[in-house]
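The values are calculated or read from the model by the stated rules, or taken from the named source; none is laboratory data. Treat the numbers as computed from the prediction; the structure is a model and nothing was measured. Glycine gets a Cβ as well: all are built from the backbone with ideal geometry, and neighbour counts include every protein chain shown.
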């Protein structure tokens, strides 16, 4: 397609390659929204955007069957990220209206789960919400995790060190705030990079996907065969 850069993405990347990459993090303005009087200004800014990156966080559960409500929703541009602390302000109507606004593209990862978590706090009809996992296959990217996608696109790593911290604490630490902002910002950067890149021809992308599925199937067979062999030797 005219005006798009050549597609040079690798299909998959190993974790041990990522650990040697330079660290990337959001360096823009981080604004924590934890009082009702902050909501209007935040939504006013976000409503002026064409596309934003979104992520959510919940208190981690270490007990099977126990799940906690969404504690935080992060909405980022390239310059500014708002952290809405839903444990403090609930799911305000203006924020629900933002996710229902079809004129603003909201980009996330495994976005259905995030949206469903938000809708459990206040129902809305999501519009123009794009999941990166539904996009990357068209570009030959087969890894579906945020850290690996970012590494494939930019040759840099994003930290996951704060992932299992308590997002319901009375105050977010600077490390939590920076981590949360980086994830939302990273989804936005990946989306923009993909949109500026030539997608693969459909047949080529589909062939890659099927070959990858077959490789995974063969690997699973090898693992099961090795387990069976271990049983007979012990």
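Structural remarks
- Among the conditions (1) over 17 Å from the mean Cα position of the chain (by Cα); (2) under 24 Å from residue 29 (Cα atoms), the only one that residue 160 does not satisfy is (1).
- Test: residue in the range 163-176 that is in a helix (DSSP H, G or I), touching a strand residue (DSSP E or B) at 6+ places or on another chain (Cβ under 9 Å), under 22 Å from residue 49 (Cβ atoms) and assigned by TED's automatic domain parsing to the domain that holds residue 77: no
- Breaking point among (1) in contact with a helix residue (DSSP H, G or I) (Cβ under 6 Å, 6 or more places away or on another chain); (2) part of a loop (DSSP other than H, G, I, E, B); (3) under 18 Å from residue 183 (Cβ atoms), for residue 91: (3)
- Contact annotation: residue pairs with Cβ atoms under 8 Å, 6 or more positions apart or on different chains, pairing a residue in the range 16-42 that is part of a loop (DSSP other than H, G, I, E, B) with a partner that is exposed (fewer than 13 other Cβ atoms within 10 Å of the Cβ), are 28/79.
- Of all residues in the range 212-234, those that are closer than 19 Å to residue 13 by Cα have Cβ atoms under 6 Å from Cβ atoms of residues that are at pLDDT 85 or above, 6 or more apart or on another chain, in 212/142.
- Applying the criterion of being in contact with a strand residue (DSSP E or B) (Cβ under 8 Å, 6 or more places away or on another chain) and part of a helix (DSSP H, G or I) to the residues of the range 191-231, the residue that is surrounded by the fewest Cβ atoms within 10 Å (Cβ to Cβ) is 192.
- Qualifying residue in the range 107-114 (condition: over 12 Å from the mean Cα position of the chain (by Cα), in the same structural domain as residue 26 (by TED's automatic domain parsing), under 26 Å from residue 29 (Cβ atoms) and not in a loop (DSSP other than H, G, I, E, B)): no
- Residues being farther than 24 Å from residue 46 by Cα and touching a strand residue (DSSP E or B) at 6+ places or on another chain (Cβ under 9 Å) are represented in the range 135-144 by at least one member.
- Some residue of the range 68-87 being surrounded by fewer than 16 Cβ atoms within 10 Å (Cβ to Cβ), at pLDDT below 95 and part of a loop (DSSP other than H, G, I, E, B): yes
- Scanning the range 17-30 for residues that are surrounded by fewer than 16 Cβ atoms within 10 Å (Cβ to Cβ), more than 18 Å from residue 152 (Cβ to Cβ) and in contact with a strand residue (DSSP E or B) (Cβ under 9 Å, 6 or more places away or on another chain) turns up 28, 29.
- Residues within the range 43-60 that are free of Cβ contacts under 8 Å to residues at least 12 places away in the same chain and either surrounded by 11 or more Cβ atoms within 10 Å (Cβ to Cβ) or assigned to a helix (DSSP H, G or I) (or both), tallied: 1
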